[in-house]
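Here is the structure we will look at, set down as structure tokens.
The values are calculated or read from the model by the stated rules, or taken from the named source; none is laboratory data. In this text, all values refer to a predicted model and were calculated from it rather than measured experimentally. Here the Cβ positions follow ideal geometry from the backbone for every residue, glycine too, while neighbour counts run over all protein chains shown.
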Amino acid sequence: MTTTTAPASVSTEPGARRSMVRQLAADSGYVLLGFPIAVASFIVSVTGLALGIGLGVTVIGLPILAGALYAARAFADMERLRMPIVLPLDRIRPQYRTTDEGASVWRRVVTPIADTQSWLDLAHGIIKFPISIFSFAVTVAWWAGAIGGCLYWTYAWVIPNDPDDTDLAELLGLGDSIGARIAMYTAFGLFFLITLPVVVRGCALLEASFGKALLTGVAEMRNRITVLEEQRRAAVSAEATALRRLERDIHDGPQQRLVRLAMDLGRAQQQMDTDPEAARRTLDEALTQTRDTLAELRALSRGIAPPILVDRGLPSALAALAARGVIPVDLTVDSKLGRLEPSVETTAYFVVAEALTNVAKHSRATECWVVVSQEGERLKIDIIDDGEGGAHLSKGHGLAGIADRLRANGGTLDVTSPPGGPTEVRAELPC
């Protein structure tokens, strides 16, 4: 055990140090480069805002104000490109208000003035300036303290020592010798060096978090609303499709059998007095119809929410589903997979059940493989068959219903099915 774990600990420490050095370099570059950008943005924003408002009573004021907003938008786009260096986020650009083709000049001038995000960009260009000054000053001071203190011994010998001046080391009671000064400033340098990654990281996060709040916060909220609306539409579509299919299955199966059962019982009632033997045969047929109807109702209930899924969880339900498959199914379920949220288990069961149904009906496959695994907060389902391929997500096909059900629960579906096969259906679901 010792021989296997020791090399891993040794190999991870240099990697952690390299990662820390890279992050320190990225944060330092972000803060140091952000200062001149903030200065330019502040000058352009304040000047354009002041001139635009001051000349607002004239015709010239509105174009100047619109130009200031467009300039602030350019600086904001530059900041959006830089923020992923510090924050782990995707590059999101808001949807600005635009004008139609052929719009008048004044309509184009007024459009950015009426856009909320443009004013947020302008506010960012103005308010970020004092934040950038603070971050820049602290970062430069910490770098200077770390470098100057740790390297003090290299240039301490050339610094003249005026006997009339009292050095800090002497004030602290360390004496006025050069050795005391080197020891003190080296200790200061080590303090700045040790705390440098934390301090610089804090300064970078201060700037980037402020930029995220003003420059991408509204866009992220709108994107989230769009995703929720798509999930709601997908949920409505999936439920409507499931209800139509259930209605069709009941009409084509149990309902027809119940109609025939009623007719058989009526015929048996009429035959009871005249031909008891025929009535007995009719009752036997009615009993067979009753058993078949119950079997179909059980099959329909398993398609909605099988009891084994509720009682024993997803692995057992999938095992029972694979055992009932028309073609051989090789099922592999992650041994670490435990009980999940009921909606997640139901959706995963529906995905596998519908996919296996499609394989049995359309693929002409001889074997199928189902792999279910959990990676972090994602449940992954892979269904692969050796059929003839050609599956797609067109509306009206079974895979479209799977995609809607997954999208309603925040999942995704990818289908790879070239002509001639094989077909690979990959589903991911947050769990």
Worksheet, complete the sentence: Selection from region 77-121 of residues farther than 11 Å from Gly211 by Cβ and acidic (Asp, Glu) yields Asp77, Asp90, Asp100, Glu101, Asp115
Discussion item. So in region 298-350, with the set limited to residues that are modelled with pLDDT of 80 or more and touching a Ser or Thr at 6+ places or on another chain (Cβ under 7 Å), which one is farthest from Arg378 (Cα to Cα)?
Written reply: Ile327
Discussion item. Residue under question is Leu24, and the condition is that it be within 22 Å of Lys212 (Cβ to Cβ) and crowded, with 16+ Cβ neighbours inside 10 Å; does it hold?
Written reply: yes
Discussion item. If I ask for residues that are at pLDDT 85 or above and closer than 17 Å to Glu428 by Cα, which ones from region 379-402 would you list?
Written reply: Leu379, Lys380, Ile381, Asp382, Ile383, Ile384
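Give the residues of region 78-114 that are part of a helix (DSSP H, G or I) and among the basic types (Lys, Arg), sorted by residue number.
Arg80, Arg82, Arg107, Arg108
Suppose we filter Thr154, Thr111, Thr139, Thr116 for residues that are at pLDDT 80 or above and touching a Cys at 6+ places or on another chain (Cβ under 8 Å); which single one remains? Walk me through it before giving the result.
Working: Thr154 fails: touching a Cys at 6+ places or on another chain (Cβ under 8 Å); Thr111 fails: touching a Cys at 6+ places or on another chain (Cβ under 8 Å); Thr116 fails: touching a Cys at 6+ places or on another chain (Cβ under 8 Å).
That would be Thr139, the only listed residue that is at pLDDT 80 or above and touching a Cys at 6+ places or on another chain (Cβ under 8 Å).
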Fill in: Residue identified as of a type in the set (Asp, Glu), touching a residue at least 24 places away in the same chain (Cβ under 8 Å) and either out of contact with any Ser or Thr (no Cβ under 6 Å at 6 or more places or on another chain) or closer than 26 Å to Glu220 by Cα (or both) among Glu79, Glu101
Glu79
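Answer yes or no as to whether Glu207 is at pLDDT 70 or above and of a type in the set (Asp, Glu).
yes
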